Amino acid sequence: MLATSQGDLSAAIGTGVYTAREASRLLRISPAKINRWLGGCAYRRDGVVVVQRPLWEPQLPRAAGHLELGFRDLVELRFVDAFLRAGLSLQAIRACLETARAHVEDDRPFSTRRFRTDGRKIFLETVRDADAPELIDLGDRQYVFRDVVDRTFKDLDIEDDAVVRWRPYQGRASIVIDPTRAFGKPITAQGGVPTVALADAVRAEESEAKVARLYDVAPSVVRDAVRYEASLAAA
């Protein structure tokens, strides 16, 4: 369900629109982390209030005080999460983002063609220019960094200079998240049927074959949609 107000819907067309909770479901990242990374936060350390700035400003304005994210935000968040899982600190990721923005000339550099090709170079440049020992020590992790970039781009489609589509179910072409279709909700590549609609229909009809006929999609696509939705529910 779209949280964006009717007046802001035009901004979401072609951009995709996701609440922090919807993004959490798709990315398997907690809403608290998403709110902290893109909304910023403040905490007290040794009696001093420390303010942590957002990693970047989301594509869409807040709706009723809540974060509203676009498709490019989702892709960037995937990279942030992948880098954290690989052992990079948020400080290191923030430094890499700043270097990448200058190199790529895009506010969301991780989701660009140039980052795919020049990501390792950007990472090494970040390490080379770093003053903090924590960042300098990352130099020997360049191979891990390259592996994360290659793996994360594997199910993303790039056109012109930026990521335009995500194939979220095992990289298969049957299911897509495309900001130009259905406000970026998961749908079948052919026909644009929401995966949640197919999964609900199979539960009601108790027959993937019947649902395939009803929605005029291949039975294999129905199976992919059901399994994809099940994987989201299980996360």
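The values are calculated or read from the model by the stated rules, or taken from the named source; none is laboratory data. Since the model is a prediction, treat every value here as computed from it, not as a measurement. Every residue, glycine as well, gets a Cβ built from its backbone with ideal geometry; the counts of neighbours run over all protein chains shown. Note: areas computed on protein heavy atoms with side chains; ligands, DNA, RNA excluded. Shrake-Rupley method; radii C 1.70, N 1.55, O 1.52, S 1.80 Å.
Before moving on, here are some points about what is shown:
- In the set Phe115, Phe110, Phe83, only one residue is farther than 20 Å from Ala23 by Cα and either in contact with a Lys or Arg (Cβ under 6 Å, 6 or more places away or on another chain) or aromatic (Phe, Trp, Tyr) (or both); that residue is Phe115.
- Within segment 36-48, being open to solvent by less than 60 Å² (accessible area, probe 1.4 Å) and either of a type in the set (Val, Ile, Thr) or under 18 Å from Phe83 (Cα atoms) (or both) holds for Trp37, Leu38.
- Test: Ala11 is modelled with pLDDT under 85 and either assigned to a loop (DSSP other than H, G, I, E, B) or open to solvent by 20 Å² or more (accessible area, probe 1.4 Å) (or both): yes
- Unique match (being among the small types (Gly, Ala, Ser), open to solvent by 20 Å² or more (accessible area, probe 1.4 Å) and either touching a Leu at 6+ places or on another chain (Cβ under 9 Å) or modelled with pLDDT under 95 (or both)) among Ala234, Ala225, Ala173, Ala201: Ala234
- Residues that are more than 12 Å from the chain's Cα centre (by Cα) and either more than 16 Å from Val222 (Cα to Cα) or among the aromatic types (Phe, Trp, Tyr) (or both) within segment 153-170 comprise Lys154, Asp157, Ile158, Glu159, Asp160, Asp161, Ala162, Tyr169, listed in sequence order.
- Filter pass, Ala63 being open to solvent by less than 50 Å² (accessible area, probe 1.4 Å), touching a residue at least 40 places away in the same chain (Cβ under 8 Å), among the small types (Gly, Ala, Ser) and within 29 Å of Phe123 (Cα to Cα): no
- Filtered by the rule that a residue be aliphatic (A, V, I, L, M), under 28 Å from Gly14 (Cα atoms) and crowded, with 20+ Cβ neighbours inside 10 Å, segment 74-92 gives Leu74, Val75, Leu77, Val80.
- Put simply, of Phe123, Phe110, Phe71 the only residue that is over 16 Å from the mean Cα position of the chain (by Cα), buried (at least 23 other Cβ atoms within 10 Å of the Cβ) and of a type outside the set (S, T, N, Q) is Phe123.
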